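*Asks:* Please see the structure below; I have some questions.
Just so you know, all these numbers are worked out from the coordinates, no wet-lab data involved. None of these values were measured; they are calculated from a predicted model. A quick note on method: Cβ atoms are made from the backbone with ideal geometry, for glycine too, and the neighbour counts reach across all protein chains shown.
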Amino acid sequence: MKKKVLLFSFMLLALTVFSSQVYALALTTGSPEYLGWIDDGIPSNPTNEADWINILITLGPDEVDNTTTTETITHSGNVFGDLPLADYLDTYKDETGSNVIEPGWDYLLGKYGNVGSLVWYIGGITEEITIPLKWGVEIPPKYKDLGLSHYSLYNSNPGTPVPEPATMVLLGLGLIGIAGLGRKTKK
């Protein structure tokens, strides 16, 4: 019986470790999540960025807005349904040491060379995300080789990401198995 409990506990632990391995989804301007870009977004602050995202939401595919703000805001050709407004800054990252982003947010704004920004709608994505470290887009050509300055993550409301239920169940079962094994060895 001890061997069965120990084997079961080991299998649950291994399943938890290997099932939690996540591969990052690489976002680009060709991704279906790509919402659009902002030209000459200077200076940038979280409030401005949320406003730019909300203007992008109101535009249709390939529409351009250069009258609402001093920036030119261009919607991608991607079609989205009704999107929630970006009104809650969740994380603001100034350094570019890592471009891997955990899931659980609605919008991702990458600021490039401190002059242009790319925006993706990432609501509903459940895996890690990476964004380009260089602008790499031909339009406008002046930004093509600019590097990532920072990125900002926005939610539509101040929610907290909830752990995946299956992971919690596996962890609980593993702990119960280990506790049962401990009780058996004491007898």
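*Asks:* Exposure proxy check: Val119, Val79 ranked by fewest other beta carbons within 10 Å?
*Replies:* Taking fewest neighbouring Cβ atoms as first place, the list is Val79, Val119.
*Asks:* Counting other beta carbons within 10 Å of each residue's own, what order do Asp82, Asp65 fall into, fewest first?
*Replies:* Asp82, Asp65
*Asks:* Using the 10 angstrom Cβ neighbour count as an exposure proxy, how do Leu56, Leu170 rank, fewest first?
*Replies:* Ordered from fewest to most neighbouring Cβ atoms within 10 Å, Leu56, Leu170 come out as Leu170, Leu56.
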